[in-house]
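The values are calculated or read from the model by the stated rules, or taken from the named source; none is laboratory data. Being a predicted model, the structure only gives us computed values, none of them experimental. All Cβ positions, glycine included, derive from the backbone under ideal geometry; neighbour counts span all protein chains shown. The accessibility values were calculated without ligands, DNA or RNA, using every heavy atom of the protein model including side chains. Shrake-Rupley method; radii C 1.70, N 1.55, O 1.52, S 1.80 Å.
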Amino acid sequence: MKADLLIKNAAQLVTSRGASPAPLRGKNQGEITVLADGAVAIKDDKIVAVGTTADLEKRLERNQKRREIDASGKVVLPGLVDPHTHIVFGGSREHELSLKLKNVPYLEILAAGGGILSTVKATRRASLEELVTIAEKYSRQMLAQGTTTAEAKSGYGLSTASELKMLRAIKEVDRIQPVDLVPTFLGAHALPPEYKDDREGFISLIIEEMLPRVVEEKLARYCDVFCEEGVFSVEESRRLLLAAREMGLELKMHADEIVPIGGAELAAELGAVSADHLLVISKEGIARMAGAGTIAVLLPGTTFYLREERYAPARAMIEAGVPVALATDFNPGSSPNNNLQLVINIACLYLEMTPAEVINAITINAAHALGRAIEIGSLEEGKKADIVIFDAPNYEYLAYRYGTNLVDKVIKNGNVVLEVDNNG
Ligand code: NIG
Ligand code: FE
């Protein structure tokens, strides 16, 4: 066997178990393989073998020149996958912090023209080049924290030109730096000021003008809607998503985050790939999602940052057989965090997920939530060599330590794209 990179001697090599044609759910949500003295062999951009160091060294051609990485005392994981982010936006929203501390509700800030709408102003003003520069910086921050693939939404343009500008920025950022970005069109993120009194007009604009352009220029794989009281109703969301599906996009939803209006039920009904947030999901919603196999993308960093009392009922979802993925929801308002390592901590402590369940939620299930599980999300022969080495003696340590970036090395498409000297 030939390889040009060998990672060996890992204290633990951790990956979801076996090939996974469908997202992991129920008992399987927590099934992982932990290999002591683990190794991965890589040729070009692909994994060619996974096993113990002794096993791989035996199988590898002798005298072949290759780089070897000694991962002694470290944990090797698949590159992390962040399946829900709003990585492209203009400006920032630190001025809202004082309102939050006065307990002004998130939806009230939005209704007063702030929140998402203040980011819309800044994003409309920004040029394509400016958006690319900022989002490239955020992508590189993600990479440095172990993320090798992320979803990226539009939704701060809310006019045809600005939504297209955002999606073109995502495409360009995907091209110029290592993190793979999977684009989602979120034209229905809020009602822009110029349509304040014309909901119907804005929905028609999305369906008749924005969606056809997005599809024609192949700028998005998914269509998402912020289905929430005071934003887009279940009925409006259904119309928008049906139109998107008709035009060939796959579906995602911001659902049942603040008021339980039946977003999860709609996601299941329409065959959405995922429903995201779900803090206040109903029992019926859980049952429908389990029945349809809809992935729950939970965003506990947002719950933490909005200081909500109630986290998404992750345990009930896992018990009911809903596959769970986790994401940062990186955005300038409700979650200015792009580090999945922090999400590991919050998910364990407040969603009461086990470290093994969380690992699957940010690797293989997250890859399923982006339709990429055939290529990424686990360490298996034939998959892309997207790998993170953490300076941690075992995988539980990642759930235990918090606030320190434990990344030691990141390998993307078989190249070592980031190396940290943690001992130096
Ligand atoms: O997922 N909930 C809606 N959208 C984002 C927040 C966007 C913002 O506040 O800028 C979210 O939390
Ligand atoms: Fe979001």
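Here the gap between residue 22 and residue 259, fully extended at 0.36 nm per residue and compared with their Cα-Cα distance, gives a gain of 82.3 nm.
Size check on the range 283-347: the Cα extents along the three principal axes, sorted descending, read 34, 21, 19 Å. Percent of C-alpha pairs per 10 Å bin in the chain, short distances first: 5, 23, 32, 24, 11, 3, 0, 0. Considering only 170, 69, 295, the mean-square fluctuation computed in a Gaussian network model of the chain, springs between alpha carbons under 10 angstrom, is largest for 69. Residue 350 contributes an accessible area of around 130 Å² to the protein surface, as traced by a 1.4 Å probe with all chains present.
Just order 121-133, 296-308 by mean Cβ neighbour count inside 10 Å, highest at the front, would you?
In descending order of packing, they fall as 296-308, 121-133.
Within the chain, antiparallel bridges make up roughly 50 percent of the DSSP beta bridges whose residues both belong there.
Accessible area per residue for the range 77-131, computed on protein heavy atoms with a 1.4 Å probe, is 44 Å². Each Lys and Arg Cβ is given +1 and each Asp and Glu Cβ -1; about its Cα centre, the chain then shows a dipole of about 900 debye. Beyond 29 Å in Cα-Cα separation lie the following of the pairs 218/383; 121/171; 165/409: 165/409.
Projected onto their three principal axes, the Cα atoms of the range 231-307 cover extents of 38, 26, 18 Å, largest first. Toward the positive end of the charge dipole of the chain, with +1 on the Cβ of Lys and Arg and -1 on the Cβ of Asp and Glu, the farthest Cα among 164, 78, 279 is that of 78. Between residue 416 and residue 36, the modelled labels are 2.7 nm apart [label points 7 Å from Cα along Cα→Cβ]. Peptides 353-362, 206-215, 388-397, ordered by how many other C-beta atoms sit within 10 Å of their residues on average, highest first, read 353-362, 388-397, 206-215.
So between residue 229 and residue 246, what do we pick up on full extension, going 0.36 nm a residue minus the alpha carbon distance?
In short, 3.6 nm is gained.
When the P(r) is computed for the range 175-254, the part past 18 Å accounts for 40% of the Cα-Cα pairs. Rolling a 1.4 angstrom probe over the chain with all protein chains present gives an accessible area of which 51% lies on carbon and sulfur atoms. Across the range 251-391 the C-alpha pair distances fall into 10 Å bins from zero in the proportions 13, 44, 35, 8, 0 percent. Computing FRET efficiency as 1/(1 + (r/R0)^6) for residue 354 and residue 2, where r is the C-beta to C-beta distance and R0 is 35 Å, gives about 0.40. Per residue, the accessible area of the range 31-76 comes to 52 Å² when a 1.4 Å probe rolls over the protein heavy atoms. The orientation-averaged projected area of the convex hull spanned by the Cα atoms of the range 159-310 comes to 9.6 nm². Histogrammed with a bin width of 5 Å, the alpha carbon distances of the range 44-186 distribute as 2, 8, 15, 15, 13, 12, 10, 7, 6, 5, 4, 2, 1, 0 percent, first bin at zero. In angstrom, the C-alpha Rg and Dmax of the range 265-321 are 11.1, 31.
Among the GluC sites (Glu not before Pro) within the range 49-79, those in coil by DSSP and having at most 15 neighbouring Cβ atoms inside 10 Å are 61. The distance separating the Cα centre of the range 317-365 from that of the range 151-166 comes to 26 Å. The calculated FRET efficiency for residue 287 paired with residue 218, based on their beta-carbon distance and R0 = 41 Å, is about 0.70.
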